[in-house]
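Undergrad: Attaching a single structure in structure tokens format; questions to follow.
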Amino acid sequence: MSLSMAFRSGVCGLALGALLASTALADPFTDLARGFAGELAASGENRAPIVPGSTAIVSGEGFAPGQQVVLRQNGIALNDGAAVTADAEGKFSTTVAIPEGTEPGLYPVVAEVSGPAYASTFELKVSPDLPESGSFDVTQRKLPRGLYQVAVTPEALYVTAAVGRPPVKESTLLKLDPQTLDTLAEITPAAAPARADGSEGGVFAVYGVGVDQQNGRVWVTNTRQDTVAVYSAEDLSLVKQFDVDAVPHPRDAVAMGGRVYVSATFEPVVHVFDGATMEELAPITLTSGKRREDFASATLHVDEASNQLFVVSLGTDEVAVVDLDSGEQTAVYPLPGSKSTIGVGFDPDTGRIFTAAQGSDNVTILDADSGEVVADVAVGANPLNVVYDTQSDLAWVSVRGSGTLVALTAEGEIVGNLPIGPLANHAALDGAGGVYVVNKSRGAEDPSGDQISHVVPKG
């Protein structure tokens, strides 16, 4: 049952309510707005996902004080056509009941505005609400606030954490024992220079993390300062802090074959560094398959067996394949049905690419040779990261909005959905059929947030 169909019960009453509201608000072709700065958004209660049977909170800001708004979906006025009024600050908030049985998806909602008149459309996303499934052994440990990513070697785990917006003053790089999850080393990044406006720069906060085992170094992305840093894998001592603006908004850092690859989010470029000298090499330039659009790099995955790099485009919803022998892009595939694609993984045995899309709540599975879609799987709200494990033959998906870890087969069958804690940010393979996943808290008092979890399938 679609959202629009669910609202058709009592349609006569709704139509009458909408007619009365429209009459009360304004006459046609009068009171025209000369521009509009209003913004609209929808979320679940307490920032939870909107799922079937829940309540959506629709909010607006940037409206003129006293402007009235009627919400419509599929031509039907919501909330019995009752108008909401912007307050003295130009803000409003109202609730919309999402019926049980609503089909997950992106629903265009029209905001009809009067006093002065305007109309705007925004997307209300109803996310899948998957039941818990599968059987797993789980070991968890609480870590410092603001967990972002985890990288794994046989000897250690490396975890990044950062809290707040610039200037970020609280950030941690940790080295953990992979068996016990005990802390082996822990550092706070160095102070960053003052910001452009002269205010305090905070610290070089760490977000993405990758390990160059060949050179015994840990690379991190300082996303807020548009740069990267390198630490010793042994004791986390600082080896090199690159200058501010070295890499625009870096997200991921991955290493293979003596080189380190860093994504510059929203840029059609992957930065490349020599792992031994830490000197920057010629970048990899990526081309979108969509006319007049630019590829927007996000997550990276390197495959040692094929010597390929896989990169997803957050802006154009594509995945690019790069031959690392030549440094040339060999393919770029569209991801139909995906929106805000951010995560990517690869199965070398089946030759399948896995992408995770925050905006459309799905994992798309592609054939790497043809780009053909093998499966399109709804996995929950805002999937952020996906990794494929040839040991277990499972793709593991960290589903940020739902706070879950989903296990998929290469064919797209869900075989596990495990509640892991709020804001599941990142997952990395343990090399033995299991996975480590970190989740971020919703606040300092969140008891289930900021945990690292070691998850192993039973049987």
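Undergrad: If Glu267 satisfies every condition in (1) more than 26 Å from Ala191 (Cβ to Cβ); (2) acidic (Asp, Glu); (3) without any contact (Cβ under 8 Å) to a residue 40 or more places away in the chain; (4) loosely packed, with under 15 Cβ neighbours inside 10 Å but one, which is the exception?
TA: Here Glu267 clears every test but (4).
Undergrad: While we're on this one: Could you give every pair whose Cβ atoms fall below 6 Å, whose first residue belongs to the range 196-220 and is under 19 Å from Leu174 (Cα atoms), and whose second residue is among the acidic types (Asp, Glu), counting only separations of at least 6 or pairs across chains?
TA: Gly208/Asp252
Undergrad: Looking at Asp129, Asp80, which is the one that is in a loop (DSSP other than H, G, I, E, B) and either in contact with a Pro (Cβ under 9 Å, 6 or more places away or on another chain) or more than 27 Å from Ser402 (Cα to Cα) (or both)? Explain how you work it out, then say what you get.
TA: Working: Asp80 fails: in a loop (DSSP other than H, G, I, E, B).
Going through Asp129, Asp80 in turn, just one is in a loop (DSSP other than H, G, I, E, B) and either in contact with a Pro (Cβ under 9 Å, 6 or more places away or on another chain) or more than 27 Å from Ser402 (Cα to Cα) (or both): Asp129.
Undergrad: Could you go through the range 183-203 and let me know if any residue there is of a type in the set (Asp, Glu) and either at pLDDT 95 or above or not assigned by TED's automatic domain parsing to the domain that holds Val302 (or both).
TA: Initial filter on the range 183-203 (of a type in the set (Asp, Glu)): 186, 197, 200.
Subset that is either at pLDDT 95 or above or not assigned by TED's automatic domain parsing to the domain that holds Val302 (or both): 186.
Yes - at least one qualifying residue is present in the range 183-203.
Undergrad: Sticking with this structure for a sec: Out of the residues in the range 392-438 that are of a type in the set (Ser, Thr, Tyr) and assigned to a strand (DSSP E or B), state the one that is surrounded by the most Cβ atoms within 10 Å (Cβ to Cβ).
TA: Of the residues in the range 392-438, the ones of a type in the set (Ser, Thr, Tyr) are 392, 398, 402, 404, 409, 436.
Narrowing the set further to residues that are assigned to a strand (DSSP E or B) leaves 398, 404, 436.
Working: Ser398: 29, Thr404: 24, Tyr436: 23.
So, considering only residues that are of a type in the set (Ser, Thr, Tyr) and assigned to a strand (DSSP E or B), the one surrounded by the most Cβ atoms within 10 Å (Cβ to Cβ) is Ser398.
Undergrad: Looking at the range 165-181, is at least one residue closer than 29 Å to Ile57 by Cα and in the same structural domain as Pro248 (by TED's automatic domain parsing)? I'd like the intermediate steps shown before the answer.
TA: Kept after step one, since they are closer than 29 Å to Ile57 by Cα, are these residues of the range 165-181: 165-166.
Still in the running and in the same structural domain as Pro248 (by TED's automatic domain parsing): 165-166.
Yes - at least one qualifying residue is present in the range 165-181.
Undergrad: Kindly check whether there is at least one residue in the range 239-249 that is touching a Phe, Trp or Tyr at 6+ places or on another chain (Cβ under 7 Å) and either exposed (fewer than 15 other Cβ atoms within 10 Å of the Cβ) or not in a strand (DSSP E or B) (or both).
TA: First, pick out the residues of the range 239-249 that are touching a Phe, Trp or Tyr at 6+ places or on another chain (Cβ under 7 Å): 239, 241, 249.
From the residues that got through so far, the ones that are either exposed (fewer than 15 other Cβ atoms within 10 Å of the Cβ) or not in a strand (DSSP E or B) (or both) too are 249.
Yes, there is a match, as at least one residue in the range 239-249 is touching a Phe, Trp or Tyr at 6+ places or on another chain (Cβ under 7 Å) and either exposed (fewer than 15 other Cβ atoms within 10 Å of the Cβ) or not in a strand (DSSP E or B) (or both).
Undergrad: Under the condition of being assigned to a loop (DSSP other than H, G, I, E, B) and touching a Leu at 6+ places or on another chain (Cβ under 7 Å), which residue from the range 271-306 is surrounded by the most Cβ atoms within 10 Å (Cβ to Cβ)? Give the derivation first.
TA: Just the residues of the range 271-306 that are assigned to a loop (DSSP other than H, G, I, E, B), to begin with: 275-279, 281-283, 286-296, 304-306.
With touching a Leu at 6+ places or on another chain (Cβ under 7 Å) added as a condition, the list becomes 295-296.
Details: Phe295: 27, Ala296: 22.
The qualifying residue surrounded by the most Cβ atoms within 10 Å (Cβ to Cβ) is Phe295.
Undergrad: In the range 312-335, what residues are more than 18 Å from the chain's Cα centre (by Cα) and in a strand (DSSP E or B)? Spell out the reasoning first.
TA: Taking the range 312-335 first, the residues more than 18 Å from the chain's Cα centre (by Cα) are 320-334.
Scanning the range 312-335 gives Ala320, Val321, Val322, Asp323, Glu328, Gln329, Thr330, Ala331, Val332, Tyr333, Pro334.
The values are calculated or read from the model by the stated rules, or taken from the named source; none is laboratory data. Keep in mind the model is a prediction, meaning the values are calculated, not measured. In this analysis, Cβ positions are derived from the backbone assuming ideal geometry, glycine residues included, and neighbour counts consider all displayed protein chains.
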